[in-house]
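As structure tokens, the structure follows; a few thoughts come after it.
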Amino acid sequence: MGRIRLSDIAEAAGVSTASVSNALNHKMGINPEKAEEIRQLAAQMGYLVAEEDKRKRMRFIVYKKHGKVVMDTAFFAQLFEGVQDECRRLSCDLIINHVRAGDDVSRLTDMPLLVLATEMDHGDLDPFRNVGHPVLLLDSDFRYEPFSNVTIDNCEAGYMAAKHLVAMGHRKIGFLDSALTFNNMEDRFAGFSQALAERGLSPFSRVKLEPTVEGANRDMRAYLVKKPDLPTAFFAGNDIIAVGVSMALKKAGYRLPGDLSIIGMDDMPMCQVVEPTLSTIRVDKQRLGSTAVARLLQMMDGQTQVQRTRLGVGVIERDSVLSL
């Protein structure tokens with residue numbers, strides 16, 4: 001057989017030559033699954049040269065159990081940007097696959113894996129055990145599982161939020177939680193509770209809400225109908241919940257922060273456009289992504305010891321917390 005051309009691959013794959021070129025060069029503009037199919041077809045046809053095969057590559061699995069935490073938000077956009085920029089900087093090919101709970105992932109375990117584990121629980125890890133390649137979990141800390149991971153220090157985040165509210169004079173402090181359980185939220189509550197306990201306090205309330213702006217707004221309005229005894233301040237497990245709850249409180253006639261203070265988590269852009277501007281816990285989202293890529297590359301180079309990397313956080317003071 002003569003030299004294989006892009007047009008030959010395009011004809012076999014049923015796509016344009018431009019799509020083949022984008023797939024082989026790992027460029028945007030083509031569905032990730034289709035791009036991988038084209039690369040595999042090209043290899044079968046003998047197109048990919050040995051030098052191409054030597055390039056480092058990893059697969060980024062974006063795992064969604066319900067899609068109410070892993071959404072098209074600024075948090076994940078910046079995290080993904082960190083992953084992509086670091087791969088580009090280190091000349092590592094990146095293949096992105098979006099996976100739903102229950103999907104067959106066996107065909108995706110053919111190379112080192114970076115798995116976005118935000119919405120995962122222990123059972124969801126089963127398909128990624130003993131796959132024969134390094135696996136790194138991103139944005140969730142499974143302490144008793146044999147997987148390396150890179151996460152935010154969520155316990156520290158909760159601790160710092162509670163410490164800040166106490167320093168501002170608050171003693172009746174509640175936690176705005178996700179109605180959908182996931183590790184990060186549990187760790188934030190643990191750190192929050194620890195900081196209060198060290199100061200002779202305990203969580204005033206723990207309100208569970210859907211972790212979307214609309215859902216948190218709806219669920220908080222339903223909660224307020226019951227006329228509960230409210231704290232003077234809330235720590236919201238993320239900024240999205242904080243914004244939804246703030247909307248509900250203002251609709252019900254509460255003044256923020258005059259009647260009730262609130263601090264969020266993640267420092268998303270929305271924090272600076274809501275009224276009042278939202279105090280929050282800052283997270284370096286891009287660094288979270290880039291650190292995960294660097295760590296997985298170390299594992300690909302033979303560093304097999306399980307490591308758990310937690311990135312530090314910090315308090316950002318704005319206008320939503322009143323000093324008592």
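The values are calculated or read from the model by the stated rules, or taken from the named source; none is laboratory data. Keep in mind the model is a prediction, meaning the values are calculated, not measured. Cβ sites come from the backbone with ideal geometry, for glycine too, and all protein chains shown count toward neighbours.
Quick notes on this structure:
- Of the candidates MET265, MET300, the single residue that is among the hydrophobic types (A, V, I, L, M, F, W, C) and crowded, with 20+ Cβ neighbours inside 10 Å is MET265.
- Where helices (runs of 4 or more DSSP H) fall entirely within segment 1-96, those with at least 2 residues that are at pLDDT 85 or above and not assigned by TED's automatic domain parsing to the domain that holds GLU214 are at 6-13, 32-44, 74-89.
- Qualifying positions in segment 206-262 - of a type in the set (Gly, Ala, Ser), in a helix (DSSP H, G or I) and free of Cβ contacts under 8 Å to residues at least 60 places away in the same chain: ALA216, ALA222, GLY244, ALA248
- Residues in segment 136-174 that are of a type in the set (Val, Ile, Thr) and either in a loop (DSSP other than H, G, I, E, B) or surrounded by 23 or more Cβ atoms within 10 Å (Cβ to Cβ) (or both): VAL150, THR151, ILE152, ILE173.
- Number of the exception - VAL274 against (1) in a loop (DSSP other than H, G, I, E, B); (2) over 24 Å from VAL70 (Cβ atoms): (2)
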